[in-house]
Amino acid sequence: MIINVKGGKKFERNIAEKTVSWCIQKLGLSRIRTLEIYVLIEPVPDDCYGYCENKKGSNRSFKIALTNKQNLRYFVMTLVHEMIHVKQEARVDWTGDGEEEAWSLQEELTDEIWKENIL
Ligand SMILES: [Zn+2]
């Protein structure tokens, strides 16, 4: 398992790392030992806060880009959203474009992160 976070400020990288680790547990991905998640905190196109793509055409290696030009809650929620897409692809299990699940889960998972006070 590789979790690698680059860009942004140190506290943002810290938060991103904790959020990704939490999502891996929560979404049941911890048994996929070969999973690689590369998070890049960087500017993204104007119409979005982040995106996720698989690297090397593999459903084990993912790049998640997200901007830090959003408040902390949205920063975490964007990452949670993209991690739901990672889960969908890693398990080859989604409906439609997968957005419905991602949008419907992102809020409650982010609330849980806040309640558990892990950041
Ligand atoms: Zn999405």
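Nothing in this text is a laboratory measurement; each read-out follows from the coordinates by a stated rule. Since the model is a prediction, treat every value here as computed from it, not as a measurement. All Cβ positions, glycine included, derive from the backbone under ideal geometry; neighbour counts span all protein chains shown.
Its DSSP H runs of at least 4 residues, each contributing -39,500 (n - 2.57), put the calculated 222 nm mean residue ellipticity of the chain at -15500 deg cm²/dmol, to the nearest 500. The stretch between Val44 and Phe11 holds 9.9 nm of extra length on full extension. This uses 0.36 nm per residue minus the Cα-Cα distance.
Once you divide the Cα radius of gyration of the range 60-119 by 2.2 N^0.38 Å, the number left is 1.15. Of all aspartates and glutamates in the structure, the ones whose alpha carbon falls short of 18 Å from that of Lys6, not counting any fewer than 8 places away in one chain, are Glu17, Glu36, Glu42, Glu53, Glu82.
Taking amide H as placed 1.01 Å from N in the peptide plane, the amide H of Gly7 sits under 5 Å from that of Ile41, each at least 5 places away or on another chain. Beta bridges per DSSP, both residues in the range 2-116: antiparallel share near 30 percent.
Specify whether the C-alpha gyration tensor of the chain places it in the rounded, prolate or oblate class, a ≥ b ≥ c being the square roots of the eigenvalues: rounded for a/c under 1.5, otherwise prolate if a/b is larger than b/c and oblate if not. Here the chain falls in the rounded category.
Bridgeable lysines around Lys115 (alpha carbons under 26 Å apart, same-chain partners fewer than 8 residues away excluded): Lys9, Lys10, Lys18, Lys26, Lys69, Lys87. Report the paramagnetic label zone for Arg91: residues of the range 28-42 whose backbone N is under 13 Å from a point 7 Å from Cα along the Cα-to-Cβ axis. Taking a point 7 Å out along Cα→Cβ of Arg91, the residues of the range 28-42 whose backbone N falls under 13 Å are 28-32.
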